[in-house]
Every structure is written in structure tokens, then in C-alpha cells.
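Have a look at the structure below before the remarks.
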Amino acid sequence: MDLISNLELGFSVALSFNNIALCFIGCLVGTLIGVLPGVGPIATIAMLLPITFGIDPTGALIMLAGIYYGAQYGGSTTAILVNIPGEATSVVTVLDGHQMAKQGRPGVALGMAAIASFFAGTVATLVIAALGAPLTKLAQLFGPAEYFSLMVMGLVFAMVLARGSLVKAFAMIVMGLLLSTIGTDLETGEPRLTFGIENLSDGIEFAVLAMGVFGFAEIIRNLENPEARDVVRGSIGRLLPNKEDFKQAALPIVRGTGIGAALGILPGNGAVLGPFASYSIEKKLAKDPRRFGRGAIEGVAGPEAANNAGAQTAFIPLLTLGIPPNAVMALMVGAMTIHGIIPGPQVMTKNPQLFWGMIASMWIGNLMLLIINLPLVGLWARLLKVPYRLLFPAILLFCCIGIYSINNSVEQVIMTAFFGFFGYALIKFGFEPAPMLLGFVLGKLMEEKLRQALILSRGNFMTFVERPVSGGLLLVAVVLVVAALLPAIRKSREEVFTE
Amino acid sequence: MKFLAKLAFAAAALAAGSVSAQTYPAKPVTMIVPFAAGGPTDVIARIVGEHMSRTLGQQIVIENVAGAGGTTGTTRAAQAANDGYTIMMGHMGTHGAAPALYPNLRYDPTKDFEPIGLAAGTPILIVAKKAFPANDLKSFTDHVKANADKLNLAHAGVGSVSHSTGILLGSMIGAKPTMVPYTGTGPALNDLVSGQVDFMTDQIVNVAEQIRAGTIRAYAIATPTRSPALPDVPTTTEAGLPQYQVSAWNAMFAPKGTSADAVAKLNDALRKALADEATRKRLLDLGAVLPSADEQTPAWLGAFVAKEVERWNPVLKAAR
Amino acid sequence: MTDATGSGEKRSSPVRSPQDAAAGLFLLGLAGLALWQTTELAMGTLRSFGPGMLPRALAVILGGAGIALIASSFLKDGSTLERWSIRGPVFILGSILLFAFTIRNFGLVVAGPLAMIAGAYASPEARFKETAIFAVVLTAVCIVLFNVLLRLPIPILKLP
């Protein structure tokens, strides 16, 4: 089989002493920046690029890739421990992961996240190796109309994320969509809703919004609520998941991996949808959906698997087409070009050592991350025992530095303070911030794709229905809406009766 | 907030201005790149900056300040302390097209900067989807003229290189195809490869590999001579559209009032970088065009920027 | 907006869910703000959107959700308004602003401890000495972490 000889070549490259060392350094740095709130892989990879000048291209890319997926691992640690999602993909982990931590099970949550990620990473690596090229062709069927329909489906998922009032969840999604329209208009270049602030001309940075409404607002709320103040009261329970936990998490992990891997292949950053989709599906399938948002282990395992699978398969469009699906991958293109390898459809045949070496190193990297992260679980869990009066100023400082480092911009730090207040107001009015963040993330892509599709079809809305893939996705969305609304209507009727 | 920002700038200028008058450079030099890391300008800045650091004996630290088509970072550079410790890598957009595209621009490319020198240009290519029904540039332009209302021209967002150069191409052919905006080169190229859009113009480094692989086709390169990276692609002069000459040039600037000594030292370091064999090779591998000796002086760059601003102004204003 | 009318205990008012009513007003206010800010943007047509189309449409929907919330607050019992604290927001948000205004001018050596110490006073349990020592140590750690290990261009110290 070709695949086996290719993987053999890959492992012979990846298992050289140098490359193992580079992979390890990458994973370590990645974990570090993932844990630090706000510091994303983009700023770090950019600053570390010059260091890689002296290394051969394969080694350099192995290290940079390690930083990228290492950051995904580290990001969930912060999400679980201090309730701050560093990236769009860890918003979902916050919901149940942090609840688990509060209930004295931070170790179980962290361990499960690491194990789910490892499983997903392993499967995704195999998918890339075996099916990368044919899947790329399939993903090419996705034009603007298809993406728009996919995003519509994503928004329907967001409704399921909601706890409590459906109207409030709906309002938060719309709020997120509205926030995403802030910035320069795509077509005309006119500023929209920027209030004359130049820094808003490219819209609101995701980390600014997330850190404000989750990080800072959460700190303020914790401070006024002394019982919730010390994140973990009482003793920290088991550090690793037990048999029972695995039993609960096994199927969600498998489903999450499948969903995440499939969405990650799409060259338009479909990976962001993975964790949301996985969470929604697990909540729908669960016998008792009320457990979700209150520390359900499936709500950590599934989305984490989806997140990591998507992060890995996002390499497919880059490696097989030479087209980066997101900002980090665009940076990888920069890294490759600096090293004299211009990514394109021929990387696989022209640089088989690099191509297969990188794929093999992905699996090695995932194994390393598991080895790095499992022993750290105990350390992280103990961190929560630090008195809150010391912990929260530290979080504050890390967040400030992190935000500043995104674009070396003071204005963005100020904006985060504003969103901290905004998030505090949302909490006081009983709104959940998670659907808003999803609306925000999807909104940008959605408007872009909607308008592109309408330009291409010269204003014909039927394009969304006539194109088979797009029409199919919309149909699924409609079915989901009906399925979601029926019980809600029935429930509200029951409530009326019990009154 | 504006007041506070001004206050901050004033304080920053004060803080930076008091650095003692040792021989320049006495500390690391910050080079603002007004684009996200990983793009063509960023890559060129890093390659050149790395060699310049060695000549200057001080690290050149790249600071990416992306936003508003590069104008956010350029504004910051224009307002930075003119002590030689903040410089920037500008390009065709920030120092050529921006005045026409942004009516409220807070800097003047010709007046608010001391030119240091031209770094490298990346040629622009006219590319189309694989199935585009034309075999050479002549039949391409004929087809675009005849079917302008049916064709879609992709670009990477208002203010991007592909946007400006695409408009220029349209105005020279005398056709107004539908412009489809994307957020960045990646998504635009993706839809060109999959045939959702019909054609675009973009920098060689972004499209070269796709052309070699045959996933898109190239009609011409807008430089006087063919590129060694793509020797089969004819120049616009050869192919019959000689007036379409355009390159996404990148050049270094310092804030107005930076001392002549600092500018001379930076220019010298830049020249040395461009003369270095390994650095040259890296840039040429990207398909970049390196400036000739007389194009490397600050004076040449100053005159060139003035010409570029004048050239883009009518073209882009007409398209608005 | 910052003051709480925590008087929802009595059932005399026709508003049966004060939190929902306030939330609805909040949404209405934001929708109004967005509509006002987008008045000058072209709407375009349904076939070819202008820059104003989506923001305005979303603002209208958001306002609609606000009205629905207000209406339901008269019909269904719900939570009362929570009290807004002053100390937390002022010190937390203030310390972030302090960081913002000092980082570029004085560097992390000044901005770091300043933000942490000021922030710590958001909690009534703050102790100056303990916090100060912790802040200095943590700032040093941050410099090693961000500037040395990750090589981010964060200003360390700028003396006037």
C-alpha cells in the first residue's frame, strides 16, 4: 500500500533526533501560549519565525505546527480553570468544563480534555494521511452559497446552547451577529458602527470580546459573590477520569472527532463550528439534557475532540491545495515561503519528505502533548487552591498582556475593559454570553458568504435552494428548528398550565 | 478617548526623545509592518530585517500592526517618535493607493515620512480559473470586454493589492466586471481554483504554485521582463497590454524628521541586505524583483512615492 | 442604568419580572443606538445589499426581541433585578485602563505591578504588602515569559 510506505517515510523523517526535539519544543511552547489567556498562536508563531531561520524547513514547520496544536490543548486548560476561552473553539469547553472545576473535578475535566484531544488527533492524522487528497476535491464543492447555508445551520445549533429563556438566547445570537457587522464594509469599504474609533475599522477582535465578557465580567461577578469566590471549595477530587467517566465520554468523543474532522476540511474555516455542533448533538442525545451547563462530562469530551480533530484536518486545505483556511494557517504559509517552499497543490509530490514528515510528526506531537499535559493536571488543579484575592489580579495581568500582544495595541486593552463592563451588564440582565460569541464568530463569515453568493447569483435568492449541497444544509437546519421548537412550545404551554 | 490617546502619544514621544545621543543605533529598532504576519510584505520585512540586524548590530524587531488596509499601522508609524528607532515597511497600498481609497487618511505618504529605500517588489499576474475560455491575453481581454456583465473579478478586500490592481486592469481593458470581495487572498484564491469566480490579479508569491500546478491559468505578468520563477508566462508588453505595468512594491520609511544620519545608516544596512547572496536568493525564490542600485537611494523612493500617489488617484476615484 | 431598583419583592407593581423588563429595555437601547449609527449607510436592495442592510435588519430584530421580553415581563413571574456592585467594576476596569495607559509609555515594569495592585483592591480582602510582593514577582515572571521566551515585542521599561 502506498499509504504505509508513505507513512514509513514520514516517520523516518519525524523520528530523527532533531525533529523529535523540535516537535517537543513546539508542543511545550504551544501549551504555554495556550494556557496564557489572550496570547494566541498567531503572535507567537510570528515572533518565533526568525528563530527557525537556522533550521531546515521540515524541522521548522514541525515545530510551528506543534505550537499551533499545542495551543489548542493549552487553551482548554484556561477555559476549564478560569472560565476564559482564548479562542472561538474553546467557548464551548467553558460551559461545562469550568462547572466541573467548580465542583471539585478540575482534574477529571482536564484529563478528559487531554485524552479526548489525543484520540481525535490520532484519528484526524490518519484521515489526513489516507484521505487528504480526495477530501480536498469534495471540499471544493463548497462555494459561498454552501458556506452561508452551513452557517445558518450553525446558528440553529446556537439556540440549543442556550440555558433558560429561548427569547434571551435568540437575542444574544442577534447581538453577536450585530457586533460582527462592526467594522469596514466588505464591498464598499465604508466604516460601519465604528463610532469614529479608528481601531474598530477592522471590527472587534475575538479575544477582546471573549476576554471582556467571560474573563473580566466573571471576575467582577465572583468578587461580589463571596461563596463562589474561591474557584474550588473543599477538596479537589480525583485527578484523572475513572471508568465511569470514560463510559460516559466514549461515544461523545467518537462523534466529536467525526464532526470536527469533517468540518475542519472545509477551506473556509469550518473548524470553528465543530465544538458547537458536537455540544448541540450531545445535548440532544443526552437522556437528561439539564445536566449540560452544570458540569456534564460529555459537554467537555465531545467538543474537545471536535476542536482538536478540526485543528488537525485544517491542515488538509493547506497541504493539498496550498490555500490556508484560517489566520494561523496563513502564517504557516508565510513560514513555508520564508523557508523557500511555496505551498501549493504540488507540495505532496515535490516535497514528500516534508509532507509526510509533517503528518507523522502530528501524531508524535499529539502523543507528546498527552505526556506533557497529564502530569501537569495535578499542578493546574492545585493552582485553583491559590486564594482568589491573589489569583484574580494575576489573571488580570495575564489578560492585559495577552490582549496587548495581539496587535501591540493599547486601544484594544481599553476596549476589553469596556466589554468587561458590557459582560457584567449582560450577567445582571440574565443573558448568557456563549450564544453571543457564536453569533459573533459566525456573523462575519455569514455576511461575507451571503453577499458573495448574492453577487455571484446577481441577486437571486434561489441560489441557496437550487444548489444541491446548499439546499440540503438548509433542509437540515429547518428540521433542527422544528425539532428544537416543538418541545419548547410544549414546555411553555405546560408552564402556563402550572401557573 | 482621543484626548487620552493624544496624551499617550505625547508622553511616548517625550519618553523616547530623551534617549542619549550615543551613536545610532544604541538599542533595538522597531519596524512596523502594517499587515498581519505571514503575508508577502511581512515575509519580505522579516527576510530583509534579519540581515539588517546583523549590519546595524542591533535587533530589528518586527511589530505587526494590522488594520484598515495597512493604514492603521502606517498612521502609527507616521506619528511615532522620529528618533530612528521606529521605522516601517510600507507598500503600494499604504503609500500609493491609500490616499485615493481613504478620504479621512491621517497621514500623507509624500509628506509625513523620510524615505529609506525600496526593498523588493512582487510582480502582479493576471490569472483566471482553469476553464476560462481564452488562450492568450488578447483573447482574454476580448472575452472580458464582450462579457463584462457576466464575469466575476475576485479581490481580497477593499484596499488590498488585488483590489487596486484589479480595478486598474478593468479600467485599462475598458470593462467593468462584477467585483466579488473576499476577506483575504486565501479565500479568493480558493474560489478561483474551484471556479466560483472567473479571474483576478494578484502577487506572484500568492499564485505561482497554483499556476505551476495548473489549477489556475496565468495570462501575463505585469513587469518589463519575464520572471525567472515563471519563465513561461509572457509579460504584458509581449502579450499586447503594455500599459498594464504594476508591482506590489515594498519600501522602508521613517517618520518625518528622522535624522539624516539614521536614515543613511538604515539605507546602508538595507543595501547590504539586498547585496547579500543568501538574502537575495530567499527573495528571488518568492518571485520578488529586487531594485537596481540607483533605485535603492532614499531620493529615488521619495520621487517614486509621489508618482505612485498620482497614478492611483484618478483610477481608484473613478471606480468609487 | 447603573442603579438597581431592587424593589421587586412586593408584587404591587404590574411588572412581574423586573429583570426581563430591564433586559428588554437594554436591548431596545442598543438597537436604537445601532439604528442611529447606521442612518447614513446605504441600505441597498434585497437583491444587492448595501452596507447598512444587515446591521439595520439585525438592530430591528434585536429591538423586537427587547419588546418581546418587556411584554413577557408583564405576563410571567421572573427574577428580580440584582444589585450592581460599584467596587468590583471600578477597580477591575480601572486597573485595566491603568495598564493600557502605562504600558507603552513606561513599560511592563511599571504597568504590571500598578495594574495588579490597583486591581487587587476590587476585593475587600486586599492586603497591600502581600499583593505588592506578588505583583513584583509575577511581573518578573511575565517579562521572562513574554519577552525572553516568547519574544513578544512588549515594552519592558521606558524611563522618561
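All of the numbers you see were taken from the coordinates with simple rules; none came from a lab. Only a predicted model underlies this, so the values are computations on that prediction, with no experimental measurement involved. Because the Cβ atoms are built from the backbone with ideal geometry, glycine has one as well, and the counts that use them run over all protein chains shown.
Considering only the other residues whose Cβ falls under 10 Å of the Cβ of B:K150, what net charge follows from Lys and Arg at +1 and Asp and Glu at -1? Every neighbour counted, the sum reads -1. For region B:146-164 and region A:1-68, what is the centre-to-centre distance using only Cα atoms, to the nearest Å? Going from one Cα centre to the other spans 37 Å. The Cα trace of region A:1-98 gives Rg and Dmax of 15.7, 47 Å, the first to one decimal, the second as a whole number. So if we plug the beta-carbon distance of C:F128 and C:L157 into 1/(1 + (r/R0)^6) with R0 = 25 Å, what FRET efficiency do we get, rounded to 0.05? FRET efficiency, C:F128 to C:L157: 0.60. The orientation-averaged shadow of the Cα convex hull for region A:338-379, equal to a quarter of the hull surface, comes to 4.2 nm². In sequence order, region A:286-299 has phi-based couplings of 5, 5, 10, x, 5, 5, 5, x, 10, x, 7, 5, 4, x Hz under the Karplus curve 6.51 cos²θ - 1.76 cosθ + 1.60, θ = phi - 60°, and Gly or Pro positions carry x. Using the Karplus relation 6.51 cos²θ - 1.76 cosθ + 1.60 with θ = phi - 60°, the per-residue 3J(HN,Hα) values for region B:59-70 come to 5, 9, 9, 7, 10, 7, 10, 7, x, 6, x, x Hz, with x marking Gly and Pro. Classify chain C from the C-alpha gyration tensor, please: rounded if a/c falls under 1.5, else prolate or oblate depending on whether a/b exceeds b/c. It is oblate, given that a/c is not under 1.5 and a/b is not larger than b/c.
Pairs of Cα atoms nearer than 8 Å and 6+ residues apart set the relative contact order; for chain A it is 29 percent. Computed over chain A, the per-residue total of -39500 (n - 2.57) for DSSP H runs of n ≥ 4 gives a 222 nm mean residue ellipticity of -24000 deg cm²/dmol, rounded to 500.
So how strong a dipole does the protein assembly as shown carry about its Cα centre when Lys and Arg Cβ are +1 and Asp and Glu Cβ are -1, to the nearest 20 debye? If you can, show how the numbers build up before the last one.
Values: 73 positive and 63 negative charges, 294 e Å.
Charge dipole, the protein assembly as shown, about its Cα centre: 1420 debye, nearest 20.
Between amide H atoms placed 1.01 Å from N, distances below 5 Å from B:V197 occur with B:L192, all of them 5 or more places distant or on a separate chain.
Ranking A:S457, A:P106, A:L15 by how far each Cα lies toward the positive end of the dipole of chain A (charges on Cβ) leaves A:P106 at the top. Put in line by how crowded their Cβ is, counting other Cβ atoms within 10 Å and starting with the fewest, B:H91, A:H98, B:H143 read B:H143, A:H98, B:H91.
Residues in region A:126-142 carry Karplus couplings, in order, of 4, 4, 4, 5, 8, 10, x, 5, x, 5, 4, 4, 5, 5, 5, 5, 7 Hz; the curve used is 6.51 cos²θ - 1.76 cosθ + 1.60 with θ = phi - 60°, and Gly or Pro positions show x.
Which shape class, rounded, prolate or oblate, goes with region B:123-239 when its Cα gyration tensor gives a ≥ b ≥ c as root eigenvalues, a/c under 1.5 marks rounded, and past that a/b bigger than b/c marks prolate? Before the final figure, lay out each step's value.
Numbers: a/c = 1.33, a/b = 1.12, b/c = 1.19.
Because its axes are fairly even, with a/c under 1.5, region B:123-239 counts as rounded.
The mean number of Cβ atoms from other chains found within 10 Å of a Cβ in peptide A:456-465 is 2, as a whole number.
Taking beta carbons within 10 Å but only from partner chains, what does the mean come to for residues B:29-38?
Values: counts 0, 3, 0, 1, 1, 0, 0, 8, 12, 17.
That works out to 4 on average.
Here r is the Cβ-Cβ distance between B:A303 and B:R226 and R0 is 22 Å; the resulting FRET efficiency, rounded to 0.05, is 0.25.
Near the amide H of B:V61, within less than 5 Å, lie the amide hydrogens of B:V29, B:T30, B:M31, all on another chain or at least 5 residues away, with H placed in the peptide plane.
Please arrange B:R226, C:R83 by counting, for each residue, the other beta carbons lying within 10 Å of its beta carbon, fewest first.
On the way: B:R226 16, C:R83 12.
Least to most surrounded, the residues fall as C:R83, B:R226.
Here A:Y279, B:Y102 are placed in order of increasing Cβ neighbour count within 10 Å, fewest first, which gives B:Y102, A:Y279.
One quarter of the surface of the convex hull around the alpha-carbon atoms of chain A equals 24.3 nm², the direction-averaged projected area. Each peptide in A:55-61, B:153-159 gets a packing score, the mean of other Cβ atoms within 10 Å over its residues, and the list from highest to lowest is B:153-159, A:55-61. Amide H contacts under 5 Å for B:A120: B:N250, restricted to partners 5 or more places along the chain or on a different chain, H placed in the peptide plane at 1.01 Å from N.
Close Lys pairs in chain A (alpha-carbon distance under 21 Å; sequence gap of 8 or more, or different chains): 16.
Gain in length, A:V469 to A:L367, computed as 0.36 nm per residue apart minus the alpha-carbon separation, to one decimal in nm?
Extra length available between A:V469 and A:L367 comes to 33.1 nm.
Two numbers describe the Cα atoms of chain B: Rg and Dmax, which are 20.1, 66 Å. The alpha carbon centroids of region A:383-435 and region C:97-140 are separated by 15 Å.
Let a ≥ b ≥ c be the square roots of the eigenvalues of the Cα gyration tensor of region C:87-149; is it rounded (a/c under 1.5), or, if not, prolate (a/b larger than b/c) or oblate? Oblate shape, in that a/c is at least 1.5 and b/c is the bigger or equal ratio. Spacing of the modelled spin labels on B:S259 and A:N18, each 7 Å from Cα toward Cβ, amounts to 4.3 nm. Annotation for region A:78-105 versus region B:225-262: alpha-carbon center distance of 50 Å. Electrostatic bookkeeping for B:A77 treats Lys and Arg as +1 and Asp and Glu as -1; over the other residues with beta carbon under 12 Å from its beta carbon, the sum is 0. Under 12 Å Cα to Cα from B:K176, which aspartates and glutamates show up? Leave out anything in the same chain fewer than 8 places away. Excluding near neighbours in sequence, the set is B:D149.
Using DSSP to call loops (not H, G, I, E or B), can you name the chymotrypsin sites (Phe, Trp or Tyr not before Pro) in region A:1-91 whose Cβ has at most 14 other Cβ atoms within 10 angstrom?
Here no loop site has a sparse enough neighbourhood.
Efficiency by 1/(1 + (r/R0)^6): what FRET value for A:I4 and A:K247, r their Cβ-Cβ distance, R0 = 30 Å, to the nearest 0.05?
0.35
Work out the length of the dipole vector of chain C about its Cα centre, built from +1 on the beta-carbon of each Lys and Arg and -1 on the beta-carbon of each Asp and Glu, and round it to the nearest 20 debye. Working shown, then result.
Values: 13 positive and 8 negative charges, 47 e Å.
The dipole magnitude comes to about 220 debye.
Taking the Cα centre of chain A as origin and charging only Cβ (+1 Lys, Arg; -1 Asp, Glu), how large is the dipole, in debye to the nearest 20? Mind dumping the intermediate values first?
Values: 32 positive and 30 negative charges, 246 e Å.
For chain A, the charge dipole is close to 1180 debye.
A quarter of the convex hull surface defined by the alpha-carbon atoms of region A:42-90 gives 3.6 nm² as the mean projection.
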